[in-house]
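Written below as C-alpha cells is the structure these notes are about.
The values are calculated or read from the model by the stated rules, or taken from the named source; none is laboratory data. As the structure is a prediction and not an experimental result, all values here were calculated from the model. Don't worry about glycine lacking a Cβ; one is built from the backbone with ideal geometry, like all the others, and counts go over all protein chains shown.
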Amino acid sequence: MNIRSIVLLAMLAARGLAQAESVDALYAQGQQALPDGWKPLARTERAAVFVHRESRPVDGKLAVWVHSELAAPEYFEKDMAYVSMRERMLVDCKAERTGSAEWIAYPARFAGGTVVAREKRDKEMSDAVPDSLEAQLLKSVCAPKPRPPAPKPRPK
C-alpha cells in the first residue's frame with residue numbers, strides 16, 4: 001500500500017466513510033433523514049434507494065429524482081469518494097422504458113457536503129428489465145395500466 005492510499009483511507013475514516021453500513025440500516029435511516037417528499041423504493045445489494053414523490057413531464061416522459069445511499073463508498077475519478085447520489089430519471093410509462101438525464105454524487109450521507117461530481121447524461125432510454133430497480137421505479141411512478149374488461153358471459 002502506498003502513502004497516497006494510506007492518506008486516503010485516513011481521510012475516509014475521519015469522515016466516517018471507511019466502513020460499509022448495512023443497506024437495511026440505511027433504508028431505515030433514509031425514511032427519517034430525507035425530507036417528506038422522498039419515499040422508499042428498494043434495497044439493492046449495494047444501496048438503499050428512494051424516489052421523490054413529485055414528477056414532471058419532459059418531452060412526453062416523466063422526470064423523477066431517485067436518491068441512493070451506498071453501503072460502501074464509491075469513487076469518482078479514483079480519489080473522490082461519495083456515499084450518496086441522486087439521479088434524475090426519465091420514465092416512459094407507455095413504452096416501459098427508463099433513462100438517466102443527470103447524476104449527482106455527494107461525499108456525506110443523505111446528500112450532504114459539497115457535490116463531488118455532477119454529470120448530464122444523454123437521456124438514452126432502455127427497456128426496464130423484469131424485477132430490476134428500473135421496473136420497480138416504473139411501478140412506483142406510473143399509474144397502473146387499466147385492466148381489460150372482463151368478457152361478458154355468454155347466454156346458454
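Quick notes on this structure:
- Note on the range 28-58: residues that are touching a residue at least 60 places away in the same chain (Cβ under 8 Å) and over 15 Å from the mean Cα position of the chain (by Cα) total 2.
- In the range 59-156, counting only strands (runs of 3 or more DSSP E) that sit wholly within it, the ones holding 3 or more residues that are touching a strand residue (DSSP E or B) at 6+ places or on another chain (Cβ under 6 Å) and either among the β-branched types (Val, Ile, Thr) or touching a residue at least 60 places away in the same chain (Cβ under 8 Å) (or both) span 61-76, 80-92.
- Looking only at the range 107-126, residues that are over 18 Å from residue 59 (Cβ atoms) and in contact with a Lys or Arg (Cβ under 8 Å, 6 or more places away or on another chain) come to 3 in all.
- Lone unmet requirement of (1) modelled with pLDDT under 95; (2) in contact with a helix residue (DSSP H, G or I) (Cβ under 9 Å, 6 or more places away or on another chain) for residue 124: (2)
- Of all the residues in the range 41-69, those that are out of contact with any helix residue (DSSP H, G or I) (no Cβ under 8 Å at 6 or more places or on another chain) and either at positive phi or of a type outside the set (Val, Ile, Thr) (or both) number 11.
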